[in-house]
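Novice: Before we start, here is the structure in question, set down as structure tokens.
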Amino acid sequence: MAIEMLVGLNVVNDAGYQSYREEMEPILKSYGGGFGYDFKVSEVLTSDTEAPINRVFTIYFSSKDSMNSFFSNDGYLKIKQRHFEKSVTDTTIIATYER
């Protein structure tokens, strides 16, 4: 059963985050994953977290196992360390659900 997450980020370096996305996407696709929606947001009216959010997207996987395998993949983790950690200050998992 496919699984999808709705994620909010606070991106502080657009170019670095774009590099992260470009490098990680082939790995994501190899695990049956992809992005459904992607928004840059300018104002958050209501939030359950103190973390700022300026980017909201959905990311999906073919199964929970493929999601877990993707997030623990060594290649992905190296890309995340190289780009994501310098480009994003906050991550909020808004929801995880079956697709």
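Novice: Select from the range 68-94 the residues that are within 22 Å of Tyr37 (Cα to Cα) and in contact with a Gly (Cβ under 7 Å, 6 or more places away or on another chain) and list them in ascending order.
Specialist: The answer is Phe70, His83, Ser87, Thr92, Ile94.
Novice: While we're here: Conditions: (1) farther than 29 Å from Met1 by Cβ; (2) at pLDDT 95 or above; (3) in a loop (DSSP other than H, G, I, E, B). Ile53 meets all but one. Number of the miss?
Specialist: (1)
Novice: Looking only at the range 1-33, which residues are closer than 25 Å to Asp74 by Cβ and in contact with an Asp or Glu (Cβ under 8 Å, 6 or more places away or on another chain)?
Specialist: Ala2, Ile3, Glu4, Leu9
Novice: Considering only residues that are farther than 14 Å from Met67 by Cα, modelled with pLDDT of 95 or more and part of a loop (DSSP other than H, G, I, E, B), which ones fall in the range 1-42?
Specialist: Result: Val12, Asn13, Val41.
Novice: For the range 49-62, which residues satisfy the criterion of being in contact (Cβ under 8 Å) with a residue 24 or more places away in the chain and either polar (S, T, N, Q) or under 17 Å from Thr89 (Cα atoms) (or both)?
Specialist: Result: Thr49, Ala51, Pro52, Ile53, Asn54, Arg55, Val56, Phe57, Thr58, Ser62.
Novice: For the range 74-88, check the following and say yes or no: at least one residue is polar (S, T, N, Q), under 23 Å from Ala15 (Cα atoms) and assigned to a helix (DSSP H, G or I).
Specialist: yes
Novice: Return the residues of the range 20-61 that are surrounded by fewer than 13 Cβ atoms within 10 Å (Cβ to Cβ) and of a type in the set (D, E, K, R); say none if nothing qualifies.
Specialist: Glu22, Lys29, Asp38, Lys40, Glu43, Asp48, Glu50
Novice: Another question, then. Which numbered condition in (1) modelled with pLDDT under 95; (2) exposed (fewer than 12 other Cβ atoms within 10 Å of the Cβ) is the only one that Arg99 fails?
Specialist: (2)
The values are calculated or read from the model by the stated rules, or taken from the named source; none is laboratory data. Note that the coordinates shown come from a computational prediction; the quantities given were computed from them, not determined experimentally. A quick note on method: Cβ atoms are made from the backbone with ideal geometry, for glycine too, and the neighbour counts reach across all protein chains shown.
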